[in-house]
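Asker: Mind having a look at this structure? Questions to follow.
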C-alpha cells in the first residue's frame with residue numbers, strides 16, 4: 001500500500017466513524033434547533049470531510065460537503081432558521097456522502113452517485129431561495145453567544161480536537177514518510193485491526209482453552225506439587241487472556257441503535273405520525289457477531305412499532321393520549337445476558353383480531369383458540385405468513401418479518417417475550433447471550449452421555465434423598481412436579497427426552513437442575529451432576545442442527561465430545577405444554593387462596609454448606625452466590641491493610657469469618673475455596689472447604705446464636721450449622737459499603753422516623769429482611785402472619801407494610817384486601833416481597849391493591865422500591 005492509498009484508507013475509516021453519529025445528531029438538532037454545540041459538532045464533521053476530499057481530489061464528495069457546509073454556516077450565523085425541509089435536504093446530502101464512501105471503499109472511485117439534485121437543493125437553501133417545500137419565515141429570537149470558530153481553510157484532516165482519535169494532519173503524513181519519530185498523541189493508543197484477524201485470534205484462544213482444560217484435568221490425576229502449581233498459574237493466565245480477547249470482539253449496542261433516530265424520523269413523517277424516540281443503555285456491550293445478528297430483528301421490531309403500534313395523532317387525541325407517541329429502546333445486563341426492550345405507548349396488539357385471523361388461516365380451530373392463553377395467542381404472530389395488517393404498506397403487512405425475527409434470534413440462543421395491553425402499548429423483551437464463543441456451563445450426565453447446560457439458564461441444583469423422592473415428586477395433569485419452597489415446579493427427565501437408559505447408583509438419589517428461559521421455568525432430572533466449566537462452542541453439522549435440543553458441541557478435557565443443551569428446544573420436544581404449566585399455576589394460586597397445604601407447607605431454602613476454621617460448619621443462602629471457586633493461597637494480596645485478590649481483571653475484596661467471629665485461625669492450605677457474592681459489586685468469602693449445596697427448612701433457630709452476621713442455626717447432615725446473614729457480615733467488615741452504592745432521597749432522620757410493619761412467617765427470611773431494613777434506618781415491627789399484622793395495625797400506626805404472600809391463617813393477598821377495605825388504612829402503601837414473582841402473582845396483586853412486588857432477597861431493589869413507594873405516597 002503506497003502513501004496515498006494509506007491516506008485514502010484512513011480517510012474512509014475516519015469518515016465512516018464520524019458519519020455514524022451524524023444521523024443521530026441531525027435528528028437531535030431538529031428537536032433542539034438552538035443547540036449551538038450540536039450544530040458546531042455537525043459543522044466540524046462536514047468541514048473535515050470537505051477538506052480531506054479536496055486534498056484527495058474527490059470532486060463530487062467535495063462538492064456535496066461544500067454546499068452542505070454552506071447551509072450549516074448560515075445556520076450558525078442565524079441567517080437561516082432550521083426546519084424539517086432543511087434537515088431532510090442535509091440528511092440527503094449525508095446519504096450521498098455515505099454512498100460515495102461505500103464506492104470508494106470497494107473500488108477506490110467515487111462511483112456513479114447522482115449528486116445534482118442534492119447539490120441544487122443545498123445551494124438554494126444556502127442562497128435563501130425556496131426549495132421543494134417552503135420554509136417558514138425565521139422567527140425573531142434572542143441572540144445566542146456564537147460557538148468557537150473552526151478554521152475555514154481547506155487544509156486536509158484538520159479539525160478541533162473534540163474526539164478521542166485525532167485525525168492525521170498533512171504534517172503527520174510527511175513525518176511518517178520521512179521515517180521521523182513524532183511525539184505520541186491520543187491517536188497512538190488505538191489501531192484498526194481486520195475483523196478476520198480478531199476471529200482467528202478468538203479461534204486460537206478457544207483451542208488454547210480446550211488444551212488448558214485437558215492439562216488441568218491431567219494435573220488432578222497426578223500428585224506432583226510443582227506441576228500442579230504451574231498448571232494453576234497457567235489456568236489463571238489463560239482465563240485472563242480469554243477475557244481480554246473476548247473484550248476485543250465486544251462492541252457497544254449504539255452501533256445498532258445509532259440507525260434508529262433517522263429511521264423513526266423518516267417513517268413517522270412518511271406516515272403523518274408524531275413520534276419521539278428514547279434510548280437507554282447504548283454503551284451495553286455485545287459480541288460483534290451477535291451485534292450483526294440482531295440488527296435486522298431490531299430494525300423490524302422498530303418499524304412494526306411505528307406501523308402497527310403507534311396511532312395517528314387524531315386517534316391518540318380521541319383516546320386521551322398525548323399527541324406525541326413514544327418509542328423506548330433500552331439495553332441492559334441481567335443474569336449474565338443482554339436484555340433489549342423495545343416498547344411503545346401505542347394501540348397494543350388486538351388479541352381478538354389475532355384470534356380471528358388465526359382461525360381464518362386455519363392455524364388453530366375455534367375451540368383451540370378459546371382455550372389458548374393470551375400469551376400463546378400473541379405468540380401466533382411469529383408464525384410464517386401471519387399478519388393482522390388490513391393493508392400492505394411499504395413498511396409491513398405482508399406477513400414476512402416476525403417469523404424471521406424469531407428464527408434469527410433462535411439461531412443465536414435469543415429469546416423474545418411480548419407483553420401487550422390494549423390501547424396502552426406493547427413491550428418486546430429480547431434476551432441474548434453476551435457471546436457465543438466461550439461460555440460457562442454445568443456438565444451433567446444422562447446415561448453414558450455428558451451434556452453441557454449454559455449457566456445463563458441455570459437457577460439452582462437440588463438433590464433428593466432416595467427416601468424423600470416419593471413424597472416430594474407428584475403428578476399433576478399427567479406431568480411430574482416438585483414442591484420447591486411452596487411452588488409447583490414442572491419436571492422433565494433428560495433420559496426420556498434423549499431416549500437413553502438411566503444410570504442406577506447405589507444411593508439412587510434424584511438430581512434436579514432448575515432451569516429457566518424466558519417465561520419457562522422447570523426442573524430437569526439428570527443422572528449425575530458434574531463440575532462447572534468454561535467451554536469453547538463448536539458449531540453443529542447441518543443434519544444435527546435440525547434437532548431442537550442442541551445448540552452446539554464442545555470438546556471436554558479428556559478429548560471426548562459433549563453436546564450443548566438448548567433449554568428452550570429441550571422443552572419444545574416434551575409433551576408438557578405451556579398450557580399445562582398454566583394449569584399448574586392456577587392450582588398453585590387456588591391453593592394460596594384457600595390456604596391449603598401449598599400455603600401452609602414448610603418452606604425450604606437452598607444453602608451452600610462450607611467449613612471454616614478447624615472444624616466449624618456454616619451455610620449461606622445460594623440466592624446470594626454468584627460463583628464458587630478454588631484458588632491458590634499465594635494469590636491473596638493486601639491493599640489498605642485488607643486482603644484482596646485479582647479476579648477477572650478486577651480487585652476483589654476478601655472476607656474471612658475468623659476476623660469477625662470467635663473462630664480459631666488455622667494455617668492456610670495450599671488451595672482455598674472462595675464464595676463470590678454480588679451485593680452491588682462483587683465481594684469474596686474465603687473458606688477452608690465448600691462441602692455441598694443443601695436444601696434446609698427456613699424454620700431455623702433464631703434465638704440461640706443472636707449476633708450480627710448470623711441469621712440462625714440448624715442441623716445439617718449431623719452437624720450444627722450457623723446460617724450467615726451476608727448483609728450483616730458485609731456491614732461488619734465495610735460499614736460504608738451500601739452507602740457508596742445507594743443514594744437515598746430520604747435523609748437518615750426521615751428514614752429513622754418511618755415505621756415499617758414487616759409480615760413474614762419464615763424466621764429465615766424474616767431475619768434477612770429485618771436486618772437490611774433496620775440497617776437502612778427504618779423502624780421495623782414484625783408479624784408472623786396476616787392475622788397478627790391486622791392486630792398490630794389496630795393498636796399502632798405505620799407508614800408502610802412489607803408482606804410475604806404465602807403465609808398461614810391470612811396470606812398476603814387477603815391481608816392487602818382487608819387493608820384496602822378499612823378507611824383508616826386504605827391509603828397505606830403495601831409492598832409484597834416473595835421468593836419468586838410471576839405474571840399471575842403480579843396480576844393478582846394488582847387486583848387486591850398491592851402497590852409493589854419485589855424479590856425478598858434482592859436487598860437493593862427492595863430498598864429502592866420501598867423509598868420510591870414512600871415518596872410517591874407523599875406526592876414527591
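The values are calculated or read from the model by the stated rules, or taken from the named source; none is laboratory data. Model, not experiment: these values are computed from the prediction. Methodologically, a virtual Cβ is constructed for each residue, glycine included, from the backbone with ideal geometry; neighbour enumeration extends over all protein chains shown.
Asker: Taking the options 46, 97, name whichever one is modelled with pLDDT of 85 or more, buried (at least 23 other Cβ atoms within 10 Å of the Cβ) and closer than 19 Å to residue 9 by Cβ.
Answerer: From the options 46, 97, the qualifying one is 97.
Asker: On to the next question. Out of 846, 801, report the one residue that is out of contact with any helix residue (DSSP H, G or I) (no Cβ under 6 Å at 6 or more places or on another chain), at pLDDT 90 or above and in the same structural domain as residue 770 (by TED's automatic domain parsing).
Answerer: After applying the criteria, what remains is 801.
Asker: Also, quick follow-up: Of all residues in segment 790-810, count the ones that are touching a residue at least 24 places away in the same chain (Cβ under 8 Å) and farther than 15 Å from residue 765 by Cβ. First the steps, then the outcome.
Answerer: Initially, segment 790-810 is screened for residues touching a residue at least 24 places away in the same chain (Cβ under 8 Å), giving 790, 792-793, 796-810.
Going one step further and asking which of them are farther than 15 Å from residue 765 by Cβ, we end up with 790, 792-793, 796-801, 809-810.
Qualifying residue count, segment 790-810: 11.
Asker: A further question on this structure: Checking residue 57 against (1) within 26 Å of residue 269 (Cα to Cα); (2) surrounded by fewer than 16 Cβ atoms within 10 Å (Cβ to Cβ); (3) without any contact (Cβ under 8 Å) to a residue 24 or more places away in the chain, which single condition isn't satisfied?
Answerer: Unmet for residue 57, out of (1) within 26 Å of residue 269 (Cα to Cα); (2) surrounded by fewer than 16 Cβ atoms within 10 Å (Cβ to Cβ); (3) without any contact (Cβ under 8 Å) to a residue 24 or more places away in the chain: (1).
Asker: Can you spot a residue in segment 690-698 that is farther than 21 Å from residue 461 by Cβ and in contact (Cβ under 8 Å) with a residue 60 or more places away in the chain?
Answerer: No - not one qualifying residue is present in segment 690-698.
Asker: Scan segment 688-716 for residues that are within 16 Å of residue 622 (Cβ to Cβ) and in a loop (DSSP other than H, G, I, E, B) and jot them down.
Answerer: 698, 700
Asker: Yes or no: segment 657-671 includes at least one residue that is surrounded by 14 or more Cβ atoms within 10 Å (Cβ to Cβ) and either within 31 Å of the chain's Cα centre (by Cα) or assigned by TED's automatic domain parsing to the domain that holds residue 482 (or both).
Answerer: So far as segment 657-671 goes, no, none of its residues is surrounded by 14 or more Cβ atoms within 10 Å (Cβ to Cβ) and either within 31 Å of the chain's Cα centre (by Cα) or assigned by TED's automatic domain parsing to the domain that holds residue 482 (or both).
Asker: May I ask you to list the residues in segment 76-86 that are crowded, with 22+ Cβ neighbours inside 10 Å and under 12 Å from residue 127 (Cα atoms)?
Answerer: none
Asker: Could you tell me which of the residues 286, 290, 301 is outside the structural domain of residue 454 (by TED's automatic domain parsing) and within 25 Å of residue 31 (Cα to Cα)?
Answerer: The conditions single out 301.
Asker: Quick check on my filter: what residues within segment 331-360 are at positive phi and out of contact with any strand residue (DSSP E or B) (no Cβ under 6 Å at 6 or more places or on another chain)?
Answerer: Passing the criteria: 335, 336.
Asker: Is it true that residue 45 is out of contact with any strand residue (DSSP E or B) (no Cβ under 9 Å at 6 or more places or on another chain) and either free of Cβ contacts under 8 Å to residues at least 12 places away in the same chain or under 24 Å from residue 270 (Cβ atoms) (or both)?
Answerer: Working: out of contact with any strand residue (DSSP E or B) (no Cβ under 9 Å at 6 or more places or on another chain): yes; either free of Cβ contacts under 8 Å to residues at least 12 places away in the same chain or under 24 Å from residue 270 (Cβ atoms) (or both): no.
In short, no.
Asker: Looking at this structure, is residue 841 farther than 26 Å from residue 724 by Cβ, buried (at least 16 other Cβ atoms within 10 Å of the Cβ), at pLDDT below 85 and not assigned by TED's automatic domain parsing to the domain that holds residue 709?
Answerer: Answer is yes for this residue.
Asker: Also, I was wondering about something else. Tell me which of these residue 761 doesn't satisfy, since it passes every other one: (1) more than 21 Å from residue 831 (Cα to Cα); (2) assigned to a loop (DSSP other than H, G, I, E, B).
Answerer: Just one mismatch for residue 761, condition (1).
Asker: I'd like the full set of residues that are assigned to a loop (DSSP other than H, G, I, E, B) and modelled with pLDDT of 80 or more, limited to segment 363-386.
Answerer: Within segment 363-386, just 365 meets the criteria.
Asker: Considering only segment 675-698, I want to know if a residue exists there that is farther than 28 Å from residue 630 by Cα, in the same structural domain as residue 611 (by TED's automatic domain parsing) and touching a helix residue (DSSP H, G or I) at 6+ places or on another chain (Cβ under 7 Å).
Answerer: yes
Asker: Which ones in segment 558-582 are modelled with pLDDT of 70 or more, more than 20 Å from residue 414 (Cα to Cα) and part of a loop (DSSP other than H, G, I, E, B)?
Answerer: Across segment 558-582, the qualifying residues are 558, 559, 560.
Asker: Pick out the one residue from 819, 810 that is in a loop (DSSP other than H, G, I, E, B) and surrounded by 17 or more Cβ atoms within 10 Å (Cβ to Cβ).
Answerer: Of 819, 810, the one residue that is in a loop (DSSP other than H, G, I, E, B) and surrounded by 17 or more Cβ atoms within 10 Å (Cβ to Cβ) is 810.
Asker: Out of the residues in segment 238-254 that are part of a helix (DSSP H, G or I) and touching a helix residue (DSSP H, G or I) at 6+ places or on another chain (Cβ under 6 Å), state the one that is surrounded by the fewest Cβ atoms within 10 Å (Cβ to Cβ).
Answerer: The residue in question is 248.
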